Amino acid sequence: MRTLVEQTASMAREWFGRLNDHRDGEALLPGPGDVHVLMGGVEAAKWLDRAEHPAVIIGTQDMLLSRALMRGYASSRAVWPMEFALLHTDTLWVFDEVQLMGAGRATSAQLEAFRRSDAIKQAKACHAHPNSARSLWISATLEPDWLRTVDFPMPVEGTKAVVRVIPSQEPDERLERLATAKKTLTRVADVPATSNKAEVQSYISQLADSVLNAHEPGHMSLIILNQVQRAQTLHAALAAKIKSVAASPTLALVHGRFRPEDRRREFEKAVGKDGRGGATDIIVVATQSVEAGVDFSATVLWTELAPWPSLVQRFGRANRYAELEAGADVRWIDLLASAQDAKTAEALALPYSADELRAAREHLLPLAGVSPAELPPAGEIDPPTRVIRRKDLDDLFDTDPDLTGFDVDISPYVRDADDTDVRVFWRDVSSIGDKPPHPHSEELCSVPIGMAGDWLKTVRKQQLSVFVRDPQWRHADGATSVAPPGWTRLTQDPWPGLVVLADATVGGYSEASGFTGNPKDVPTPISDNGTLVDGSGETPHVQDGDVGGESETHDVDPRSEIGVQVLLTAHLRHVEAEATKLCDRLHVDVDTRAAIIRAARWHDLGKAHDVFQDTMRRGLPDGAVVSGALAKTVKSNLRHSRAYFRHELASALALLAQEDWSRDADLTAYLVAAHHGKVRMNLRALPREGAPTDTDRLGARFARGIWDGDELKPVDLGGGDRWAGGPLTLSLMELGWDETTRASWTERTRDLLARFGPFRLAWMETLIRLADWRASAKEKEGVYDDC
């Protein structure tokens with residue numbers, strides 16, 4: 001949950017800041033700058049390029065698990081493999097509040113099982129690999145059987161899942177005081193009999209009166225409702241009623257459907273900017289976003305009936321530190337008390353099921369208090385409806401969309417089906433101009449997919465301006481009359497992780513209430529094409545565009561447009577040097593090291609192609625002298641003359657054309673082809689890619705801007721490697737055996753996946769990409785003198 005992510009990150013940075021004075025050079029202790037947040041894209045790329053450094057990554061379930069499945073929500077397709085690799089290598093996963101994870105609980109256990117299985121397989125094959133990842137599941141209500149899945153826990157040569165339980169009768173006085181902190185429980189039965197708007201409004205109005213009557217000046221009252229819309233309505237009702245109160249309490253609204261700055265403003269009212277306490281006389285209206293670990297303590301707690309594990313967490317927000325001698329007043333609102341029929345019960349219970357609420361109700365009815373010592377066991381939770389299997393994970397290793405342009409939907413493995421998000425940002429579309437707009441992290445508002453679907457359906461019917469990324473867009477296309485550059489109108493229902501650009505005039509967002517879907521709520525755009533409107537000029541953290549300098553589009557190379565010209569042979573040397581350093585720091589085994597360093601020598605050979613060289617020379621200032629093939633150029637925003645041209649494919653084809661067929665050559669060719677994340681498991685033309693037009697090439701094979709028979713001039717690659725020059729062939733696009741190229745590209749890559757497994761193959765892929773990133777950054781900074 002977002003609120004807990006922010007609070008945890010703040011405390012972690014403070015702790016590592018205190019320890020910072022004790023760091024010794026390259027010690028393994030992280031510093032405050034090594035704490036990264038993955039939440040709606042915040043700091044999305046910063047942790048990727050420091051693979052050999054310690055880090056603490058804190059994120060929401062959807063952000064982290066989607067990356068662990070190589071489908072990172074709100075992330076660039078090009079960096080999915082890198083995120084996947086680093087999150088499964090030398091990493092300790094800590095899953096907090098297991099009972100709230102839903103579908104993610106089984107996924108986390110299955111991924112642990114897959115990593116353990118792969119570690120054994122790689123060891124038997126004598127393939128050295130750095131430390132795998134391990135998992136720690138923690139909760140106040142955890143039952144070990146909740147983690148049992150088809151593949152986990154599994155008996156792996158003496159290893160097993162270890163369960164550690166802190167005894168409930170703990171002799172420590174402080175823990176005993178917390179376990180017995182007084183919390184008196186009262187049932188509230190003034191609830192709607194139906195779900196119609198008038199009855200719900202009446203319920204909210206009565207609740208507002210009751211909250212004000214029960215509020216104790218100088219203390220916190222906390223009201224937790226199950227639906228954001230009900231919380232927004234209650235907040236508005238309370239705001240209207242306290243206007244006439246002379247010494248009115250502070251009023252805060254806490255839920256996950258705000259833009260970050262608005263959410264921080266509300267949250268800090270309760271916890272303060274430093275997390276050590278906000279206003280003392282305050283009424284906080286909240287949703288489930290405060291269930292898990294949010295560090296504040298209420299004197300009066302109101303909560304709607306919810307599933308039992310959720311209620312246990314909510315009770316923990318009252319008299320949290322046992323600071324109230326008289327105890328806290330906890331009032332549970334029996335949503336099902338007056339429900340006329342089963343349909344009404346289900347409507348009032350949303351987003352939960354009525355059965356979940358009925359089961360919790362049975363726990364609550366006999367209780368007079370809800371201190372931890374008084375609570376019954378957690379009981380059972382619903383089993384997952386879908387469990388990811390090994391074949392599913394292997395299929396996800398292929399990051400290309402299918403032939404219709406869609407991706408595999410991983411949402412059933414990340415969260416329960418009714419608990420997935422779309423992210424929306426608002427701009428003045430008429431002022432965007434020719435540069436593709438990228439969302440700043442401060443702009444993004446998470447919206448439940450059901451609510452987003454209803455809102456977007458209405459918006460589309462009215463032919464208003466909402467857009468999604470166009471993965472096939474080319475810089476040559478520019479803006480259109482109906483969409484900003486790089487975007488296209490949304491014409492279908494949204495899917496989890498989707499980023500939506502909405503014109504501000506569409507409305508749907510209130511700075512005071514968050515996302516409402518109301519067209520009358522017109523937000524003020526807080527960013528202008530990536531620059532904050534307040535003029536701070538902060539660099540945007542791109543969500544689904546050029547993360548880490550990797551463009552989402554296929555025929556641009558932003559890392560080749562760095563403000564200086566660099567010879568191809570020099571760049572190959574620089575990348576080889578960076579790859580060598582990285583392998584040294586990570587103690588990479590001899591065989592893997594050889595493959596990575598050789599891939600570094602070959603990775604950009606395809607830049608010798610005439611199409612790429614034409615682009616580089618167009619990027620030079622007038623009068624510039626060129627002494628050889630270029631890898632980098634001065635000007636930016638260039639595009640290749642051939643649509644979707646990918647130089648890394650040319651590099652891989654050249655390597656395979658010159659090498660005798662071997663599995664080692666296949667690995668090197670894969671690492672070469674994959675070093676921008678755009679040519680990986682499959683080799684086929686893109687949907688909008690045009691066939692060769694030269695009269696002598698009509699009918700020739702083509703893919704990613706490479707045409708069968710294209711010539712590459714000779715290049716000395718260093719380290720004893722040399723490309724002798726010659727034509728490129730695309731016959732390995734075809735399935736089956738070919739006398740010239742032998743096995744097809746698909747067969748080769750599937751063999752590599754089976755041989756190394758997804759975790760190790762992605763990790764090797766990541767190392768060559770990091771070496772390339774670092775060499776390019778140093779070239780831009782003028783570190784090398786041989787460019």
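How much area per residue is accessible in the chain when the probe is 1.4 Å and only protein heavy atoms are counted (Å²)? Write down the numbers at each step before the final one.
Numbers: 32850 Å² over 787 residues.
Roughly 42 Å² per residue, with all protein chains present.
What does the charge dipole of the range 186-302 about its Cα centre add up to, to the nearest 20 debye, if the Cβ of each Lys and Arg holds +1 and the Cβ of each Asp and Glu holds -1?
Dipole about the Cα centre, nearest 20: 300 debye.
So how strong a dipole does the range 637-787 carry about its Cα centre when Lys and Arg Cβ are +1 and Asp and Glu Cβ are -1, to the nearest 20 debye?
700
Given the whole protein assembly as supplied and a 1.4 Å probe, what does the accessible area of residue 137 come to in Å², nearest 10?
That residue has around 30 Å² of solvent-accessible surface.
Which chymotrypsin sites (Phe, Trp or Tyr not before Pro) in the range 195-267 pass both tests, a DSSP loop state and at most 13 other beta-carbon atoms within 10 Å?
Filter output for the range 195-267: empty list.
About the Cα centre, and with charges only on the beta carbon of Lys, Arg (+1) and Asp, Glu (-1), how big is the dipole of the chain? Nearest 20 debye, please.
That gives a dipole near 320 debye.
Take the alpha-carbon positions of the range 723-787, form their convex hull, and give its projected area averaged over all directions (one quarter of the hull surface) in nm².
Directional mean of the projected Cα hull area for the range 723-787 stands at 7.0 nm².
Of the heavy-atom accessible surface of the chain (probe 1.4 angstrom), what whole percent is carbon and sulfur?
Looking at the chain in its full context, I get 51 percent from C and S.
May I ask which residue of 699, 683, 709 lies farthest towards the positive end of the charge dipole of the range 675-714, with charges of +1 (Lys, Arg) and -1 (Asp, Glu) on Cβ and the Cα centre as origin?
Result: 683.
Of the options 335, 397, 732, report the single residue whose Cα projects farthest towards the positive end of the charge dipole of the chain (beta-carbon charges: Lys, Arg +1; Asp, Glu -1).
Value computed over the given set: 335.
For the chain, calculate the relative contact order in percent as a whole number, restricting contacts to Cα pairs under 8 Å that are 6 or more residues apart.
The value is 13 percent.
As a check on your grasp of the helix formula, calculate [θ] at 222 nm for the chain: sum -39500 (n - 2.57) over DSSP H runs of n ≥ 4, divide by the residue count, round to the nearest 500.
Values: 20 runs with 259 residues, N = 787.
My calculation for the chain gives -10500 deg cm²/dmol from helical runs alone.
Of 29, 217, 198, which is farthest along the charge dipole of the chain in the positive direction, counting Lys and Arg as +1 and Asp and Glu as -1 at C-beta?
Result: 198.
Using a cut-off of 9 Å between beta-carbons, work out the net charge of the residues near residue 466 (Lys and Arg +1, Asp and Glu -1, residue 466 not included).
Result for the local shell: +1.
Less than 22 Å apart at the alpha-carbon level, and either on another chain or at least 8 residues along: which lysines does that give for residue 46?
The reachable lysines, counting only those whose Cα sits under 22 Å from residue 46, are 581, 678, 778, 780.
The values are calculated or read from the model by the stated rules, or taken from the named source; none is laboratory data. None of these values were measured; they are calculated from a predicted model. With ideal geometry, Cβ positions are generated from the backbone for all residues, glycine too; neighbour counts draw on all protein chains shown. These accessible areas exclude ligands, DNA and RNA; they are computed on the full protein's heavy atoms, side chains included. Shrake-Rupley method; radii C 1.70, N 1.55, O 1.52, S 1.80 Å.
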